[in-house]
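In what follows, a structure is listed as structure tokens, so that the remarks can point back to it.
Derivation of every value follows stated rules applied to the coordinates shown; laboratory data play no part. Since the model is a prediction, treat every value here as computed from it, not as a measurement. All Cβ positions, even for glycine, are placed from backbone atoms using ideal geometry, and neighbour counts span all protein chains on display.
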């Protein structure tokens, strides 16, 4: 658990900061895609969305969340993970 905390609070490399941003964007896009049919129905617009489009939204959420977590757990200095006796 200490190792995980050190990774979460450690410095993230520049490339993986971009991965985190892309992951957050994918997650937001997937959430918008999933919420769009309900929002349009609430506004009184009746458009039938194929289930595959809603499934793509779920995949975008999953991929974005995984990318963001992997990017955040990557650190620049691995010497902080070594045990100090």
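By the gyration tensor of its Cα atoms, with a ≥ b ≥ c the square roots of the eigenvalues, what is the shape of the stretch 21-65: rounded for a/c under 1.5, prolate for a/b over b/c, or oblate? It is oblate, given that a/c is not under 1.5 and a/b is not larger than b/c.
In the chain, the longest principal axis of the Cα atoms and the axis of helix 14-42 are about 20 degrees apart.
For the stretch 53-83, the residues whose backbone nitrogen is under 17 Å from a point 7 Å from the Cα of residue 15, taken along Cα to Cβ, are 67-78. Adding -39500 (n - 2.57) for every DSSP H run of four residues or longer, then dividing by how many residues the chain holds, sets the calculated 222 nm ellipticity at -24500 deg cm²/dmol.
Just check the stretch 1-42 against the gyration tensor rule for me: Cα atoms, a ≥ b ≥ c as the square roots of the eigenvalues, rounded for a/c under 1.5, and otherwise prolate or oblate depending on whether a/b exceeds b/c. Oblate.
Relative to the longest principal axis of the Cα atoms of the chain, helix 51-73 runs at roughly 20 degrees.
For the chain, the Kirkwood hydrodynamic radius from C-alpha pairs, put into Stokes-Einstein at 20 °C and a viscosity of 1.002 mPa s, yields a diffusion coefficient of 143 µm² per second. Starting from the 7 Å offset along Cα-to-Cβ, what nm value, one decimal, do you get for the label separation of residue 69 and residue 45? Label-label distance for residue 69 and residue 45, simple model: 3.4 nm.
Over the chain, what is the mean sequence separation of C-alpha contacts under 8 Å (at least six apart), divided by residue count, expressed as relative contact order in percent?
52 percent
Label-to-label distance for residue 22 and residue 62 is 2.0 nm, based on points extended 7 Å past Cα in the beta-carbon direction. Neighbour counting of Cβ atoms within 10 Å sorts the residues 12, 31, fewest neighbours leading, into 31, 12.
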